[in-house]
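Notes follow once the structure below has been shown.
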Amino acid sequence: MRARDLFDYPLATTFRPPNIRKILSDLSGRQDFLPTVECEHGYALLNVVMHSDTIGIACNANLRPYQRDGGLVALQLADLTVEQEEAFYTRYGVVSRVGYGLSPLAQGLVRQLIACDTEL
């Protein structure tokens, strides 16, 4: 599938980082685009995609259970360069104040992030 073909369908996204929005705009030949549906929560987005003809743009980790059971498939964009494909990925980090320990909840989040990162 080419990026331009995505725009033939309704697009559902979470609040996407600007890097993905820019790449999709560039590949489609458009100045910008607005998704048809924008969800705050990734699982709400998946619910929209599972019950409509929208194409969703979501985090890979959220998709895995649905891909394993055959409910969703990941679309590959044929016209992405290596640089553009790398730019699709976002980088997040955990920060904390110097001299303050992390709460048990924050420590659990860090463990979960490390586990997810290891899977990738």
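A Cβ distance below 8 Å, combined with a sequence gap of six or more or placement on separate chains, defines the contacts here; from the stretch 22-51, residues that are in contact (Cβ under 8 Å) with a residue 60 or more places away in the chain reach residues that are in a helix (DSSP H, G or I) and not acidic (Asp, Glu) in the pairs Ile23/Ala3; Ile23/Gln84; Ile23/Ala87. Taking (1) of a type outside the set (Gly, Ala, Ser); (2) farther than 18 Å from Ala3 by Cβ; (3) surrounded by 14 or more Cβ atoms within 10 Å (Cβ to Cβ) in turn, Leu102 satisfies each apart from (3). Considering only the stretch 86-101, I want to know if a residue exists there that is of a type outside the set (S, T, N, Q), part of a helix (DSSP H, G or I) and either at pLDDT 80 or above or under 26 Å from Met50 (Cβ atoms) (or both). No, every residue in the stretch 86-101 fails to be of a type outside the set (S, T, N, Q), part of a helix (DSSP H, G or I) and either at pLDDT 80 or above or under 26 Å from Met50 (Cβ atoms) (or both). The set of residues from the stretch 58-72 being of a type in the set (A, V, I, L, M), touching a helix residue (DSSP H, G or I) at 6+ places or on another chain (Cβ under 7 Å) and within 16 Å of Cys116 (Cα to Cα) comprises Ala58, Ala61.
Being touching a Gly at 6+ places or on another chain (Cβ under 9 Å) and either part of a helix (DSSP H, G or I) or surrounded by 12 or more Cβ atoms within 10 Å (Cβ to Cβ) (or both) is true for just one of Asn62, Asn19. Which residue is that?
Being touching a Gly at 6+ places or on another chain (Cβ under 9 Å) and either part of a helix (DSSP H, G or I) or surrounded by 12 or more Cβ atoms within 10 Å (Cβ to Cβ) (or both) holds for just one of Asn62, Asn19, which is Asn62.
Filter the stretch 73-87 down to the residues that are of a type in the set (A, V, I, L, M), surrounded by fewer than 12 Cβ atoms within 10 Å (Cβ to Cβ) and either in contact with a helix residue (DSSP H, G or I) (Cβ under 6 Å, 6 or more places away or on another chain) or without any contact (Cβ under 8 Å) to a residue 24 or more places away in the chain (or both) and list them by number. Matches in the stretch 73-87: Val73, Ala74, Val82.
The values are calculated or read from the model by the stated rules, or taken from the named source; none is laboratory data. Just so we're clear, the structure is a prediction, and the values are computed from it rather than from any experiment. Every residue, glycine as well, gets a Cβ built from its backbone with ideal geometry; the counts of neighbours run over all protein chains shown.
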